[in-house]
Amino acid sequence: MENLVYAIILLPLAGFLINGLFGKKLPKMFVGTLATAVVFASFIIALSLFLKFNADSQPVIVRAFEWFRINGIQVNFGFQIDQLSLMMIMIITGIGSLIHLYSIGYMSTDEGFHKFFSYLNLFIFMMLLLVMGSNYLILFIGWEGVGLCSYLLIGFWYKNKEYGAAARKAFIMNRIGDLGMIIGILMIASQTNAVDYLSVAQNSGKFELDSTVIIFITASLFIGAVGKSAQIPLFTWLPDAMAGPTPVSALIHAATMVTAGIYLVVRSNFLFSLAPTTMDGILFIGLLTALVAAFIGLRQNDIKKVLAYSTVSQLGFMFVAVGTGAYTVAMFHLMTHAFFKALLFLGSGSVIHAMSGEQDMRLMGGLKKKIPITHITFLIGTLAISGFPFLSGMISKDEILANVYGRSPYLWVILFIIAAMTAIYMFRAYYLTFHGEFRGTEEQKSHLHESPLNMTLPLMVLAVLSVIGGFINLPHFIGHGSYAKLGTWLQNIYVYDVKLPEVPLMTEMILLGLTVLMFFVVWFIVRNIYVTKKKMALPEEDYTGWEKLSTRKLYIDELNNATFVKFIEGLGIGGNMFDKGVLKRFGDYIGTGAEDSGRAAKKLQNGNVENYVLIMSLAIGIILIVNFILQ
């Protein structure tokens with residue numbers, strides 16, 4: 001098994017090195033095929049390990065070498081293979097390989113083709129390092145690595161200044177969250193004398209329930225998760241990350257970076273389960289993020305921006321599940337979300353590909369017959385995320401709603417409204433894009449065409465997964481033992497039992513019925529607006545009231561600029577003034593004084609022996625006088 005574990009993580013690294021060093025001189029097809037093959041090979045190996053594991057299997061630790069020792073703490077560089085890491089590895093490599101395959105077609109004409117694929121391979125390697133590492137320090141290396149890769153890929157088309165700014169924004173916002181995470185890891189080490197998961201879990205019993213220390217540790221870790229998984233207040237970087245090529249968006253939103261925060265919390269369940277206060281905070285932040293992002297998504301006209309705010313909102317759903325202690329439900333929604341969100345992003349990329357780069361839905365329309373495979377698969381993704389009965393998104397989201405109802409019916413109402421908003425903005429995006437009359441230019445119309453097979457094949461595979469993915473963890477009333485495969489699979493990774501609120505069966509069935517009813521009502525209303533009445537999205541400046549607030553993203557960017565950015569810029573200006581007005585003048589004064597002293601001394605060093613004798617005699621005389629006085 002040891003060699004297989006190494007192979008999983010080293011194959012993408014090899015792809016990165018080969019394409020990074022030699023890709024420029026290699027044929028594009030070879031570069032793209034190699035990058036895709038190494039990730040797919042990692043998936044196949046992970047699948048073989050998955051088949052050897054069962055729910056009762058104990059974690060396997062592969063120790064590469066002793067990393068260092070400090071204050072009696074031995075830190076090894078190694079990997080931990082268990083049910084949770086295997087699940088994440090299969091999502092990362094499985095969906096990642098489909099995104100790589102898709103990228104061969106999408107990026108075929110880009111001059112930075114080999115660089116793009118080397119970055120993608122590096123992204124996969126770093127994410128694997130994050131989820132496979134056996135301790136918090138290795139997780140942190142991967143954590144920073146995916147941050148670096150996101151910076152490189154979001155700003156891939158760096159000649160565009162806006163794209164460069166978006167990359168820097170993502171990088172800086174993530175560093176803010178990372179500071180909290182570093183503090184949390186240091187506190188874990190100081191309190192448990194360990195950083196590897198198994199030892200920390202064994203020592204976690206020393207923490208008192210909801211003590212100040214455990215709240216501080218978990219809150220610090222959660223700040224890191226807030227940055228990486230784009231939660232309030234550090235969420236605005238993710239919609240701006242759409243500046244990168246569309247496959248990058250799919251990779252970040254579905255298979256890598258944004259899922260890291262959820263993974264961190266679930267991996268650290270032995271700490272978070274001891275901190276109910278932090279869990280309440282997570283629940284609140286997740287709920288607020290889901291609401292705000294869904295509201296903003298209602299009136300976005302850029303097809304990728306709609307999906308971006310949808311991701312932020314769905315991550316909020318996952319944190320709500322974590323906040324109620326439903327770790328498995330959170331992971332379940334993470335998995336189904338990976339299926340349908342990767343599908344939707346790659347579908348939007350296929351639309352943009354057909355529209356010669358156009359992303360504004362107001363300039364699309366009528367595409368369903370022009371790009372039929374993209375249309376059908378995008379519709380499946382829309383149905384899945386909106387809650388069509390028995391599709392993957394409906395089943396996982398309904399589990400979250402049921403858990404929240406057990407916690408508080410009022411919270412359920414809020415989350416139910418957010419779920420309805422999700423269906424509204426997704427159907428709006430679907431109808432504006434694929435129905436009605438074509439609203440683009442004649443030139444765009446003449447070039448409309450379906451994407452090549454290497455782009456549509458991943459769409460079809462993801463569409464199938466979006467349909468059947470929910471059956472991995474059917475609701476408990478169908479039968480936990482027989483159908484809740486994921487719940488059974490993950491049960492061994494939880495150290496403490498978290499008692500989830502119970503909801504009577506009849507109540508749960510009523511809630512399920514309301515969710516299904518909501519879905520069809522929303523579908524009917526949105527279709528009536530955008531198909532029957534043929535209402536169009538307006539220019540941003542024509543919106544008023546709540547629509548204006550939505551399209552202007554609640555002015556959060558403006559608020560951040562007016563407060564944090566201006567404040568930091570003010571500090572920079574003040575520092576610059578202090579540097580030039582005080583430090584520079586002081587330095588100039590010292591320099592001028594030294595220069596003048598030098599000139600004066602230079603006059604004495606004129607080569608005249610008589611002057612030297614005179615100065616020496618005066619000095620000796622002064623010394624003798626001083627010595628006489630002191631005696």
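The values are calculated or read from the model by the stated rules, or taken from the named source; none is laboratory data. Quantities reported herein were computed from a predicted structural model and do not represent experimental measurements. Cβ placement follows ideal geometry from the backbone for every residue including glycine, while neighbour counts extend to all protein chains displayed. All accessible areas refer to the heavy atoms of the entire protein, side chains included, with ligands and DNA or RNA removed. Shrake-Rupley method; radii C 1.70, N 1.55, O 1.52, S 1.80 Å.
Exactly one condition in (1) within 29 Å of Ser356 (Cα to Cα); (2) in a helix (DSSP H, G or I); (3) open to solvent by less than 60 Å² (accessible area, probe 1.4 Å) is not met by Ser108; state its number.
The one condition Ser108 does not meet is (2).
Which one is least open to solvent (accessible area, probe 1.4 Å) among residues in region 429-469 that are of a type in the set (Gly, Ala, Ser) and at pLDDT below 90?
Of the residues in region 429-469, the ones of a type in the set (Gly, Ala, Ser) are 429, 436, 440, 446, 451, 463, 466, 469.
Filter again for at pLDDT below 90, leaving 440, 446.
Working: Gly440: 24, Ser446: 86 Å².
Once the filter is applied, the top-ranked residue is Gly440.
Table: residues versus (1) without any contact (Cβ under 8 Å) to a residue 40 or more places away in the chain; (2) in contact with a His (Cβ under 7 Å, 6 or more places away or on another chain); (3) assigned to a helix (DSSP H, G or I).
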site	(1), (2), (3)
Asn403	no, no, yes
Leu432	no, no, yes
Lys445	yes, no, yes
Ala463	no, no, yes
Val495	no, no, no
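Gly393: in contact with a Ser or Thr (Cβ under 6 Å, 6 or more places away or on another chain) and either over 25 Å from Thr532 (Cα atoms) or open to solvent by 10 Å² or more (accessible area, probe 1.4 Å) (or both), yes or no?
Yes.
Return only the number of the condition from (1) under 15 Å from His100 (Cα atoms); (2) free of Cβ contacts under 8 Å to residues at least 24 places away in the same chain; (3) over 25 Å from the mean Cα position of the chain (by Cα) that Ala37 does not satisfy.
Ala37 satisfies every listed condition except (3).
Here are some residues: Phe388, Phe427. Which one is over 24 Å from the mean Cα position of the chain (by Cα), more than 29 Å from Val498 (Cα to Cα) and assigned to a loop (DSSP other than H, G, I, E, B)? Walk me through how you get there before you give the answer.
On the way: Phe427 fails: assigned to a loop (DSSP other than H, G, I, E, B).
Among Phe388, Phe427, only Phe388 is over 24 Å from the mean Cα position of the chain (by Cα), more than 29 Å from Val498 (Cα to Cα) and assigned to a loop (DSSP other than H, G, I, E, B).
Could you list, ordered by first residue, the pairs with Cβ atoms under 8 Å in which the first is in region 338-363 and at positive phi and the second is not small (Gly, Ala, Ser), at least 6 apart or interchain?
Hits for this filter: Ser356/Glu443; Ser356/Gln444; Ser356/His447.
Consider Ile99 carefully, then state whether it is in contact (Cβ under 8 Å) with a residue 12 or more places away in the chain, surrounded by fewer than 18 Cβ atoms within 10 Å (Cβ to Cβ) and among the β-branched types (Val, Ile, Thr).
On the way: in contact (Cβ under 8 Å) with a residue 12 or more places away in the chain: yes; surrounded by fewer than 18 Cβ atoms within 10 Å (Cβ to Cβ): no; among the β-branched types (Val, Ile, Thr): yes.
No; evaluated as a whole, the condition is false for this residue.
Pick from region 353-385 the residues that are open to solvent by 10 Å² or more (accessible area, probe 1.4 Å) and part of a loop (DSSP other than H, G, I, E, B): which of them is farthest from Tyr102 (Cα to Cα)?
Gly366
Restricting attention to helices (runs of 4 or more DSSP H) lying wholly within region 519-631, give those where 1 or more residues are of a type in the set (Ser, Thr, Tyr) and open to solvent by less than 90 Å² (accessible area, probe 1.4 Å).
On the way: elements: 545-551, 556-560, 566-578, 584-604, 609-630.
Filter on region 519-631 gives 545-551, 584-604, 609-630.
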